[in-house]
Amino acid sequence: IQRFVSRLSEHLSATKPGTSSLLGLTEFMFAIKCDNVNLCKLDRYITRADLNRKLLGFLKAAAPPPGEAPQAEPAFVSKHVSPLAGVHQFLQRLMGAEADGKVVVAYPPPTAFKPTTPSVRYFMLNPSACFDEVASSAATTILAGGTLRPFSHIASELMPASSLAAASLADERDYDEPVTEGEGATFFSCDHVVARENVHTLAVSHGPDGSLLEFNYANRGLEKTIDALGRAVANLCNVVPAGLVVFLPSYSYEAEVIRRWKDTGAWELIGSKKRAFREPKESRDLEATLSNYSRAVHKDKGAVLFSVVGGKMSEGINFSDDMARCVMVVGLPFPDSKDAELKEKMAHLDREYKAAGGKGITGQS
């Protein structure tokens with residue numbers, strides 16, 4: 001284990017900032033000089049020796065007593081998940097089939113807002129490799145969520161080929177026919193809990209001064225675009241009662257936007273109209289932020305919460321009633337068409353489509 005982690009650390013240390021590589025599983029093992037490591041034996045040893053739990057218990061025992069300050073400010077360490085658990089899960093993924101996934105080694109370029117570090121992660125290409133084990137061990141498996149449509153994409157990647165026809169039919173149906181029975185799968189979808197006449201969706205193309213609000217990658221970092229966005233948010237604060245939630249495309253862009261607003265005074269202007277909150281960096285601070293925001297929305301001027309699409313507050317949180325009388329989504333977080341992972345996923349879907357004789361979805365779907 002020590003040898004594997006050391007070699008992995010050496011490989012990451014040699015990675016240059018601003019670079020990213022997509023490696024096959026065998027290629028990665030050769031790259032870190034661990035091609036002669038028996039991963040099955042290593043996985044079996046970690047499991048049978050229960051090393052994850054033992055290491056977590058050791059860390060708890062070595063922690064300073066309550067009330068005693070540590071000698072140095074430590075990085076965040078979970079009290080519930082063993083540090084070895086992530087390494088163990090990564091090892092298990094490396095034992096999978098070559099076609100099921102790739103390894104991404106990335107070192108994002110540092111920004112003015114935060115330093116970056118190299119990282120390694122497993123990129124899943126074939127999710128059914130993991131899902132089949134779950135589905136085969138249960139009498140019935142239920143997938144529930146608010147973003148499962150189109151069903152044909154889910155069915156193509158996770159379910160038997162026989163369910164594709166029913167999935168496609170379910171995609172075509174309106175919510176008036178919520179249930180679609182298929183071979184081996186049943187698809188159910190229902191309308192939003194809020195009546196349609198109580199929801200107004202509006203696309204805003206220009207700011208208060210008439211400037212274009214275009215948030216593609218080339219334009220969203222322009223100062224004039226960020227300034228126009230600040231004026232738009234300030235104006236919304238004038239007319240939206242209680243809570244206003246603003247979703248931005250990424251954490252880095254959220255930091256860039258608010259830094260600019262602080263320099264120009266727009267952040268202070270927004271704060272004079274509504275109390276402003278930002279999505280916390282640490283998950284442990286999420287509950288406190290939501291609690292403070294919830295109290296502030298019921299006060300005189302209300303509150304505005306800046307969050308990130310795909311972040312901690314974009315899924316699983318119910319912004320009901322006064323918590324979000326208006327939701328503003330800034331741009332659309334589409335992936336970069338030149339992204340290596342996106343290209344690899346599209347190529348994988350094309351290969352699967354061809355192998356299935358034209359059934360399923362392609363990389364362009």
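The values are calculated or read from the model by the stated rules, or taken from the named source; none is laboratory data. Because the structure is a prediction, the values reported are computed rather than measured. Don't worry about glycine lacking a Cβ; one is built from the backbone with ideal geometry, like all the others, and counts go over all protein chains shown. Please note that ligands, DNA and RNA were not included when accessible areas were found on the heavy atoms of the full protein model with its side chains. Shrake-Rupley method; radii C 1.70, N 1.55, O 1.52, S 1.80 Å.
Does the range 187-201 contain any residue that is open to solvent by 70 Å² or more (accessible area, probe 1.4 Å), at pLDDT 85 or above and of a type in the set (A, V, I, L, M)? Yes; the residues of the range 187-201 include at least one that is open to solvent by 70 Å² or more (accessible area, probe 1.4 Å), at pLDDT 85 or above and of a type in the set (A, V, I, L, M).
Which residue is farthest from LEU143 (Cα to Cα), if the candidates are limited to the range 168-185 and must be at pLDDT 85 or above and open to solvent by 80 Å² or more (accessible area, probe 1.4 Å)? Only one residue tops the list, namely GLU172.
Look at the range 55-67: where a residue is modelled with pLDDT of 70 or more and a partner is hydrophobic (A, V, I, L, M, F, W, C), sitting 6+ places away or on another chain with Cβ atoms under 6 Å, you get LEU55/LEU84. Please determine whether any residue of the range 9-18 is out of contact with any His (no Cβ under 9 Å at 6 or more places or on another chain), of a type in the set (Ser, Thr, Tyr) and crowded, with 16+ Cβ neighbours inside 10 Å. Within the range 9-18, one or more residues are out of contact with any His (no Cβ under 9 Å at 6 or more places or on another chain), of a type in the set (Ser, Thr, Tyr) and crowded, with 16+ Cβ neighbours inside 10 Å. Considering only residues that are touching a helix residue (DSSP H, G or I) at 6+ places or on another chain (Cβ under 9 Å) and of a type in the set (Lys, Arg), look in the range 280-316 and name the one that is surrounded by the most Cβ atoms within 10 Å (Cβ to Cβ). Filtering the range 280-316 for residues that are touching a helix residue (DSSP H, G or I) at 6+ places or on another chain (Cβ under 9 Å) and of a type in the set (Lys, Arg), the one surrounded by the most Cβ atoms within 10 Å (Cβ to Cβ) comes out as LYS312. Residues in the range 216-273 that are of a type in the set (Val, Ile, Thr) and open to solvent by 30 Å² or more (accessible area, probe 1.4 Å): 2 in all.
Selection of first residues in the range 186-211 that are of a type in the set (Asp, Glu) and of second residues that are assigned to a loop (DSSP other than H, G, I, E, B) and surrounded by 13 or more Cβ atoms within 10 Å (Cβ to Cβ), restricted to Cβ pairs under 9 Å at least 6 apart or on distinct chains, gives the following pairs, ordered by first then second residue: ASP191/PRO178. Every residue in the range 304-362 that is in contact (Cβ under 8 Å) with a residue 12 or more places away in the chain, farther than 30 Å from ARG275 by Cβ, in contact with a Leu (Cβ under 8 Å, 6 or more places away or on another chain) and not small (Gly, Ala, Ser), please. Once the filter is applied, which keeps residues that are in contact (Cβ under 8 Å) with a residue 12 or more places away in the chain, farther than 30 Å from ARG275 by Cβ, in contact with a Leu (Cβ under 8 Å, 6 or more places away or on another chain) and not small (Gly, Ala, Ser), the range 304-362 yields ASP336, GLU341, GLU344, LYS345, HIS348, LYS359, ILE361, THR362.
Which one is farthest from PHE123 (Cα to Cα), of the residues in the range 330-350 that are open to solvent by less than 80 Å² (accessible area, probe 1.4 Å) and among the aliphatic types (A, V, I, L, M)?
First, pick out the residues of the range 330-350 that are open to solvent by less than 80 Å² (accessible area, probe 1.4 Å): 330-331, 333, 339-342, 344-350.
Okay, now just the ones that are also among the aliphatic types (A, V, I, L, M), so 330, 340, 342, 346-347, 349.
Numbers: VAL330: 28, ALA340: 11, LEU342: 11, MET346: 13, ALA347: 14, LEU349: 14 Å.
For the range 330-350, the residue satisfying everything is VAL330.
State all residues of the range 91-105 that are open to solvent by less than 20 Å² (accessible area, probe 1.4 Å) and either among the acidic types (Asp, Glu) or closer than 19 Å to PHE4 by Cα (or both); if no residue qualifies, say none. Residues satisfying the conditions are LEU91, LEU94, VAL103, VAL104, VAL105.
Checking ALA255 against (1) touching a residue at least 24 places away in the same chain (Cβ under 8 Å); (2) within 17 Å of ASP322 (Cα to Cα), only one condition comes out false. Which one? Evaluating ALA255 over (1) touching a residue at least 24 places away in the same chain (Cβ under 8 Å); (2) within 17 Å of ASP322 (Cα to Cα) leaves (2) as the failure.
The set of residues from the range 131-186 being more than 23 Å from ASP100 (Cα to Cα) and part of a helix (DSSP H, G or I) comprises ALA165, ALA166, ALA167, SER168, LEU169, ALA170, ASP171, GLU172.
Based on this model, can you work out whether PHE277 counts as open to solvent by less than 50 Å² (accessible area, probe 1.4 Å), in contact with a strand residue (DSSP E or B) (Cβ under 7 Å, 6 or more places away or on another chain) and either basic (Lys, Arg) or within 21 Å of ALA218 (Cα to Cα) (or both)?
On the way: open to solvent by less than 50 Å² (accessible area, probe 1.4 Å): yes; in contact with a strand residue (DSSP E or B) (Cβ under 7 Å, 6 or more places away or on another chain): yes; either basic (Lys, Arg) or within 21 Å of ALA218 (Cα to Cα) (or both): no.
Judged against the criteria, PHE277 is not a match.
Could you tell me whether the range 101-110 includes any residue that is assigned to a strand (DSSP E or B), charged (D, E, K, R), modelled with pLDDT of 90 or more and closer than 23 Å to SER283 by Cα? There is no residue in the range 101-110 that is assigned to a strand (DSSP E or B), charged (D, E, K, R), modelled with pLDDT of 90 or more and closer than 23 Å to SER283 by Cα. Residue count for the range 122-137 under the criterion of being under 24 Å from GLU315 (Cβ atoms) and loosely packed, with under 14 Cβ neighbours inside 10 Å: the result is 2.
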